Ligand SMILES: NC(=O)c1ccc[n+]([C@@H]2O[C@H](COP(=O)([O-])OP(=O)(O)OC[C@H]3O[C@@H](n4cnc5c(N)ncnc54)[C@H](OP(=O)(O)O)[C@@H]3O)[C@@H](O)[C@H]2O)c1
């Protein structure tokens with residue numbers, strides 16, 4: 001029996017598979033995709049084994065579902081006859097807004113399920129991965145899975161009722177952060193910086209500021225004040241952000257995302 005099987009190796013499933021291959025023998029990781037040639041190319045590139053949904057459902061201990069939520073019912077429905085007779089495997093879902101109970105129901109009910117909510121920086125080991133598990137899981141299985149996820153980034157246990165909220169901050173956050181980086185760089189380009197230089201400065205400024213906050217434990221308000229001299233230029237930039245509703249827009253982005261996640265869950 002193989003240890004890990006990824007059904008769906010797109011932006012997120014692929015990132016998690018790459019992280020798993022850092023902690024675990026890639027030759028023990030099976031991957032499948034909607035287009036078999038994509039699974040074959042991905043497997044070749046990362047030393048994994050190209051497979052099919054059916055083979056993964058039959059042979060892997062951890063069956064990791066990396067398909068979009070709207071395809072989950074058809075993918076799991078087709079695998080139900082294989083999965084419902086297995087007692088030695090755990091389903092892992094990363095689907096936004098889908099509860100563990102809903103996933104278990106798609107294969108006939110009482111099934112061990114681990115739910116993770118990763119984000120795309122997992123690809124380079126800097127992800128945030130929230131997780132929870134249902135009461136059908138063995139503690140040792142959860143620990144084995146988490147050990148393989150260690151190379152993906154920061155693992156954080158979060159009760160399932162809060163995962164939609166966590167997802168709105170860190171799961172979707174890379175989109176919001178990337179928009180901020182792009183906008184910061186656009187400003188630099190308007191002021192005459194070459195595009196590539198402006199993008200690098202903007203990205204490195206976000207990394208540095210985030211790391212400084214985590215290492216110092218300082219509140220972001222204090223960090224903002226440390227850059228704003230009285231009568232200076234940065235406070236004029238802060239004024240422009242406030243006038244443009246920057247903070248309110250970001251907060252609303254998270255709340256709207258959370259509401260949509262909860263809508264998926266219905
Ligand atoms: N993207 C994110 O930042 C993010 C963050 C947190 C959670 N998630 C969750 O991660 C999951 C995947 O999202 P994604 O963004 O990675 O989607 P994606 O990039 O579109 O990847 C989807 C993957 O599913 C495969 N697939 C489609 N139909 C399939 C089938 N019938 N059998 C096997 N594989 C099939 C696709 O293969 P082909 O390419 O060959 O069609 C592709 O590898 C979703 O549930 C999403 O909610 C995503």
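The values are calculated or read from the model by the stated rules, or taken from the named source; none is laboratory data. These figures come from a predicted structure and were not determined experimentally. Using ideal geometry, Cβ is built from the backbone for each residue, glycine included, and neighbour counts are taken over all protein chains shown.
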Quiz item: For the stretch 65-80, does any single residue satisfy the condition of being more than 25 Å from residue 172 (Cβ to Cβ) and either in contact with a strand residue (DSSP E or B) (Cβ under 7 Å, 6 or more places away or on another chain) or away from the ligand (no atom under 12 Å from the Cβ) (or both)?
Solution: yes
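Would you point out which residue out of 156, 216, 167 is under 29 Å from residue 117 (Cα atoms), at pLDDT 95 or above and in contact with a helix residue (DSSP H, G or I) (Cβ under 6 Å, 6 or more places away or on another chain)?
Details: 156 fails: in contact with a helix residue (DSSP H, G or I) (Cβ under 6 Å, 6 or more places away or on another chain); 216 fails: in contact with a helix residue (DSSP H, G or I) (Cβ under 6 Å, 6 or more places away or on another chain).
Exactly one of 156, 216, 167 is under 29 Å from residue 117 (Cα atoms), at pLDDT 95 or above and in contact with a helix residue (DSSP H, G or I) (Cβ under 6 Å, 6 or more places away or on another chain), namely 167.
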Quiz item: Which residue, of 163, 207, is under 23 Å from the mean Cα position of the chain (by Cα) and within 16 Å of the ligand (Cβ to nearest atom)?
Solution: 163
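Tell me whether the stretch 124-144 contains one or more residues that are part of a helix (DSSP H, G or I) and closer than 24 Å to residue 172 by Cα. Step through it out loud before you land on a result.
In the first step, residues of the stretch 124-144 are kept if they are part of a helix (DSSP H, G or I); the result is 124, 139-144.
From what is left, the residues that are closer than 24 Å to residue 172 by Cα are 124.
Yes - at least one qualifying residue is present in the stretch 124-144.
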Quiz item: Counting just the residues of the stretch 88-124 that are at pLDDT below 95, more than 16 Å from the ligand (Cβ to nearest atom) and closer than 25 Å to residue 21 by Cα, which one comes out surrounded by the fewest Cβ atoms within 10 Å (Cβ to Cβ)?
Solution: 88
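Just a yes or no: is a residue in the stretch 7-19 within 15 Å of the ligand (Cβ to nearest atom), touching a strand residue (DSSP E or B) at 6+ places or on another chain (Cβ under 6 Å), at pLDDT 95 or above and assigned to a strand (DSSP E or B)? Give the steps one after another, and end with the answer.
The first filter runs over the stretch 7-19 and keeps only residues within 15 Å of the ligand (Cβ to nearest atom), leaving 7-19.
With touching a strand residue (DSSP E or B) at 6+ places or on another chain (Cβ under 6 Å) added as a condition, the list becomes 7, 9, 13, 17.
In the following step, the residues that additionally are at pLDDT 95 or above were identified as 7, 9, 13, 17.
Retained after the next criterion (residues that are assigned to a strand (DSSP E or B)): 7.
Yes, the conditions are met somewhere in the stretch 7-19.
Residues in the stretch 188-196: is at least one over 13 Å from the mean Cα position of the chain (by Cα), buried (at least 16 other Cβ atoms within 10 Å of the Cβ) and either within 16 Å of the ligand (Cβ to nearest atom) or within 21 Å of residue 14 (Cα to Cα) (or both)? Before you say what the answer is, go through the steps one by one.
Of the residues in the stretch 188-196, the ones over 13 Å from the mean Cα position of the chain (by Cα) are 188-196.
Then drop every residue that is not buried (at least 16 other Cβ atoms within 10 Å of the Cβ), which leaves 188, 193.
In the following step, the residues that additionally are either within 16 Å of the ligand (Cβ to nearest atom) or within 21 Å of residue 14 (Cα to Cα) (or both) were identified as none.
No, there is no match, as no residue in the stretch 188-196 is over 13 Å from the mean Cα position of the chain (by Cα), buried (at least 16 other Cβ atoms within 10 Å of the Cβ) and either within 16 Å of the ligand (Cβ to nearest atom) or within 21 Å of residue 14 (Cα to Cα) (or both).
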Exercise. Quickly run through the stretch 22-41 and pick out the residues that are out of contact with any strand residue (DSSP E or B) (no Cβ under 6 Å at 6 or more places or on another chain) and assigned to a helix (DSSP H, G or I).
Key: 22, 23, 26, 27, 36, 37, 38, 41
